[in-house]
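Here the structure is laid out as structure tokens; the discussion comes afterwards.
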Amino acid sequence: MARVVLENVSKHFGDVIAVNNANLVIEDQEFVVLVGPSGCGKSTLLRMVAGLEEPTSGNIYIGDRLVNDVPPKDRDIAMVFQNYALYPHMNVYDNMAFGLKLRRFAKDEIDRRVREAAAILGIENLLHRKPRQLSGGQRQRVAVGRAIVREPAAFLMDEPLSNLDAKLRVQMRAELSQLHDRLKTTTIYVTHDQVEAMTMGDRIVVLKDGVIQQVGAPLEIYENPENVFVGGFIGSPAMNFMNGVLKRDGDDYIVDLQAFRLKVPEEKVQKHPKIKEYVDKPVVFGIRPEDIADAQLLPEEERRQVVTAQVAVTEPMGSEVYVHFEAGEHRFIGRLDAATAARAGQSHPVVFDLAKMHLFDAATEKAIR
């Protein structure tokens, strides 16, 4: 087991900065997810930890050892790739045993480790098969099993579920989480899927353009995004953003969105007094779709600051409906109860849960706190 530390790590490919001055501490036994859109630098960061890429600057530690000049085979890590990278001419047993054979482990020890890993993953009956005889989920288990038998200090996983269908991804997410709980091995997991990040990680590292935007527990990042990018990337459907101006009306602070005005809750202002500094300045108002409710389905006493908007599209999801609204220049999505009477082409009243609203600086896009 090992702690992984990145100190001021950067990686340049010519004029392209893939990773820019990354500082990150991953504690022993922690499951950390690197998440972000394609090209944000997450896989490059993982490859530098693995030793497959050399950092342009900065230091990488695994345990207490500086590993900048240590070759991948000596870093005591095991990597699971997106395409599984199984040898097609070897059966499952030999694929899992291959790395141990190269390290000249005793046959009895190899057999013990392979069969233990196969039992953990439920693939004991597949050991004699070739990769072409396996389903996608079975191949993924074999790739993970090959990493497990190494008993490494850290697992590095580069989008291992991206080739699976939606149903199997859900199943494998749960299995990988259970596997981590059982093995307690430090794990760095790369994905572009924010659902995987939210459901699997002890902590999430959100990247954009090679820069770490925010690090924190899933719910912490979900509830308190540092900027517009993080707020929009984490959560499904994405957070709604609307450009407006903060106004003062007596003792009240109002977000003027032209099509409608919303009063900022007093508790919000008390918790984030910096809001007061933005009077008469442009701000970005953020609200998550699940924090928008159908006014017609609320008790009378909860129908505060009702906003009437035009329904553009409805997307029935079974237990709920995604409703796309238009109000003036603004477009926003609400996750409404399945009982909603909202219909495309009609106006409909909604209520925002303003206790869960977010305000961002329009210039820097950073959260106002």
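The values are calculated or read from the model by the stated rules, or taken from the named source; none is laboratory data. Here the structure is a predicted model, which is why all the values come from computation and not from measurement. No Cβ is skipped: glycine too gets one built from the backbone with ideal geometry, and neighbour counts run over all protein chains shown. All accessible areas refer to the heavy atoms of the entire protein, side chains included, with ligands and DNA or RNA removed. Shrake-Rupley method; radii C 1.70, N 1.55, O 1.52, S 1.80 Å.
Nearest 10 degrees is fine. How inclined is helix 107-121 to the longest principal axis of the chain, computing both from alpha carbons? Taking Cα atoms only, the helix is inclined about 20 degrees. With all pairs of separate Cα atoms included, the chain yields a Kirkwood hydrodynamic radius of 23.2 Å. Helix 92-102 and the longest principal axis of the C-alpha atoms of the chain enclose an angle of approximately 70°. Taking a sphere under 10 Å around the Cβ of residue 156 and counting the other residues whose Cβ falls inside, with K and R at +1 and D and E at -1, yields a net charge of +1. Packing around the peptides 90-101, 158-169, taken as the average count of other Cβ atoms within 10 Å per residue, puts them in this order, highest first: 90-101, 158-169.
Each listed q (0.12, 0.22 Å⁻¹) maps to a log10 I(q)/I(0) for segment 23-110 from the Debye sum over equal C-alpha point scatterers, namely -0.50, -1.23.
Rounded to the nearest 5, the antiparallel percentage of DSSP beta bridges internal to the chain is 75%.
Once you've got the GNM for the chain with C-alpha springs shorter than 10 Å, pick whichever of 318, 63, 334 has the biggest mean-square fluctuation. So, out of 318, 63, 334, the one fluctuating most is 318.
Sorting the Cα pairs of segment 19-59 by distance into bins of 10 Å, from 0 upward, gives 25, 58, 17 percent per bin. Contact order for the chain, expressed relative to its length and based on alpha carbon pairs under 8 Å spaced 6+ residues apart, stands at 15 percent. The long axis of helix 166-183 is offset from the longest Cα principal axis of the chain by roughly 60 degrees. Rounded to the nearest 10 square angstrom, residue 123 shows an accessible area of 0 square angstrom against a 1.4 Å probe. If you sort the three axes of the alpha carbon gyration tensor as a ≥ b ≥ c, you get a/c of 1.5 or more for segment 283-337 and a/b no higher than b/c, which makes it oblate. With Cα atoms defining each centre, segment 24-71 and segment 142-199 are spaced 17 Å apart in the structure. The sum of -39500 (n - 2.57) across all DSSP H runs of n ≥ 4, divided by the residue count of the chain, sets its helix-only mean residue ellipticity at 222 nm to -7500 deg cm²/dmol. When you restrict to C-alpha pairs under 8 Å that are six or more residues apart and normalise by the size of segment 175-283, the relative contact order lands at 15 percent.
Express the carbon and sulfur contribution to the solvent-accessible surface of the chain as a percent, rounded to the nearest whole number, probe 1.4 angstrom. Solvent-exposed carbon and sulfur of the chain make up 46 percent of the total. Pick from 255, 144, 70: which is most flexible by mean-square fluctuation in a GNM of the chain where alpha carbon atoms under 10 Å apart are linked? The residue with the greatest mean-square fluctuation here is 70.
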